[in-house]
Amino acid sequence: MAIESVRERIQAVRWDGKQLSILDQTKLPGQEVWIGLTGAKDTADAIERLAVRGAPNIGIAAAYGLAMELSANPSLGALEEGADVLVSSRPTAVNLAWAVERVRTAVMGAGPSTIASAARGEAQKIQASEDAASLALSHHGADVLTDAGARTILTHCNTGALATGGRGSALAVCIELAERHEGVKVIACETRPLLQGARLTAWELQKLGIPFALIVDGAAASILRRGLADAVVVGCDRVAANGDAANKVGTYSHALAAQAASAPFLVAGPTSTIDLATPDGDAIEIEERDAAEVTSYNNTPVAPAGTPALNPAFDVTPASLITALVTERGIASPVTTDAIAALLS
Ligand code: MRU
């Protein structure tokens, strides 16, 4: 399905040249509510509360947030303050800091009267390049799965057009595979605690007409073991220089299960998610979110009052468990420091 047809059905962000609007993903699938944003602070708030989410899309939103801030106040002070508030809204996905840095660099190269237009132009470039990356990586990923003869694909979290430019990362690979072959099916993990799989991936797959089944996260290992899924494809929030990949918590367990079942385990994402400044997975900061996300759902308690909880939002899968890292520039397989450096060279 072409990016245009996906966009007719699923959009996470809209830029009208001056203002960014986002589809509030906290309200999906029940309600489709669009929110207009105005600058760095409200964009950072939307990112922090996951109204806009997914590594590439928080980069895109942050770039527009900074551009809107600079339109209102075209100064270097506003640039620094806006950049700080945006970058600190979520720590794990490197796309956020990457996009803000790109806007900062574009603005530094502009004259005082063109600060705002330079920022807007850079944000649009970022969105366009993420759209193109989604399309290219979906082809590379579908090539790998086609070669492996995989037709039933297990995935985690939400990695479609709600999370990235274009039509997604891991989900875009599934979409491309479904276009190429009859009988492709997605097994979507619900993704506790915030149910991005149940609420968002199921919503996207329904809109796209791709056959799928939703499972609880705990069912994934036995589904792989029983041969009911042929491969796992997930997205990523930060890939370290050695190929260790941070993604939504639960991903590492799927990688271990895939290895035990001898199923290919693919990590898909644009190169904006690769961070050569982070040497390995141990150096990736893992966002710790409010314990209430674990002890309650939608403000309804699911545990006794006073229950202590840990809520790491991401985990790290070691490169040794990843069959292939799929990017718009091609794949790294095996996933090694050299193969990643070669992709970026
Ligand atoms: O907390 P979220 O919903 O922003 O987490 C999203 C993920 O972990 C995705 O898998 C990741 O961003 C890749 S999306 C291309």
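Overview of values
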| item | result |
| --- | --- |
| Restraint check, Lys41/Lys125; Lys125/Lys248; Lys125/Lys185; Lys125/Lys207; Lys18/Lys248, Cα-Cα greater than 30 Å | Lys125/Lys185; Lys18/Lys248 |
| Whole-angstrom gap from segment 53-107 to segment 115-130, using each part's C-alpha centre | 11 Å |
| Derived scalar couplings ³J(HN,Hα) [segment 233-247; Karplus, 6.51 cos²θ - 1.76 cosθ + 1.60; whole Hz; x for Gly, Pro] | 10, 10, x, 7, 10, 7, 10, 6, 4, 8, x, 4, 10, 8, 8 |
| With Cα atoms, 0 to 90° folded angle of helix 76-87 axis to the chain main axis | 20 degrees |
| Computed [θ] at 222 nm, deg cm²/dmol, the chain (DSSP H ≥ 4; -39,500 (n - 2.57); rounded to nearest 500) | -12500 deg cm²/dmol |
| P(r), alpha carbons of the chain - 20 Å bins starting at zero, rounded % | 33, 59, 8, 0 |
| Solvent accessible area, Å² - Lys41, 1.4 Å probe, full protein context | 120 Å² |
| C-alpha long axis of helix 94-108 to longest principal axis of the chain, angle in ° | 20 degrees |
| Most fluctuating residue given options Asn247, Asn95, Asn73, as computed from a GNM of the chain linking Cα atoms under 10 Å | Asn73 |
| Difference of contour (0.36 nm per residue) and Cα-Cα distance, Gln206 to Glu288 | 26.4 nm |
| Gyration tensor (Cα) of segment 209-345, equivalent ellipsoid semi-axes in angstrom | 28, 20, 13 |
| Carbon/sulfur fraction of accessible area - the chain, other protein chains in place, 1.4 Å, % | 52 percent |
| Accessible solvent surface per residue of the chain, calculated while the other protein chains remain in place, 1.4 angstrom probe, Å² | 39 Å² |
| Kirkwood hydrodynamic radius of segment 6-129, from inverse mean 1/r over distinct Cα pairs, in Å | 14.1 Å |
| Segment 136-344, relative contact order in percent, only Cα pairs under 8 angstrom and at least six apart counted | 22 percent |
| Share, in percent, of DSSP beta bridges within the chain that are antiparallel, nearest 5 | 55 percent |
| Base-10 log of normalised Debye intensity for segment 174-281 (one unit scatterer per alpha-carbon) at q = 0.11, 0.17, 0.24 Å⁻¹ | -0.37, -0.88, -1.40 |
| Built amide H within the under 5 Å cut-off of Ile210, gap 5+ | none |
| For Thr336, residues with placed amide H under 5 Å, excluding near neighbours | none |
| Relative contact order of segment 1-124, defined on C-alpha pairs under 8 angstrom at six or more residues apart (%) | 23 percent |
| Rounded to 10°, Cα long-axis angle of helix 55-72 versus longest principal axis of the chain | 10 degrees |
| Total formal charge among the other residues, if their Cβ is under 14 angstrom from that of Ser75, Lys/Arg +1 and Asp/Glu -1 | -2 |
| Extended-chain gain in nm, criterion 0.36 nm per residue less alpha-carbon gap, Arg180 and Ser345 | 56.4 nm |
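The values are calculated or read from the model by the stated rules, or taken from the named source; none is laboratory data. The structure displayed is predicted, hence computed values, not measured ones. No Cβ is skipped: glycine too gets one built from the backbone with ideal geometry, and neighbour counts run over all protein chains shown. Accessible surface areas use protein heavy atoms only, side chains included; no ligands, DNA or RNA. Shrake-Rupley method; radii C 1.70, N 1.55, O 1.52, S 1.80 Å.
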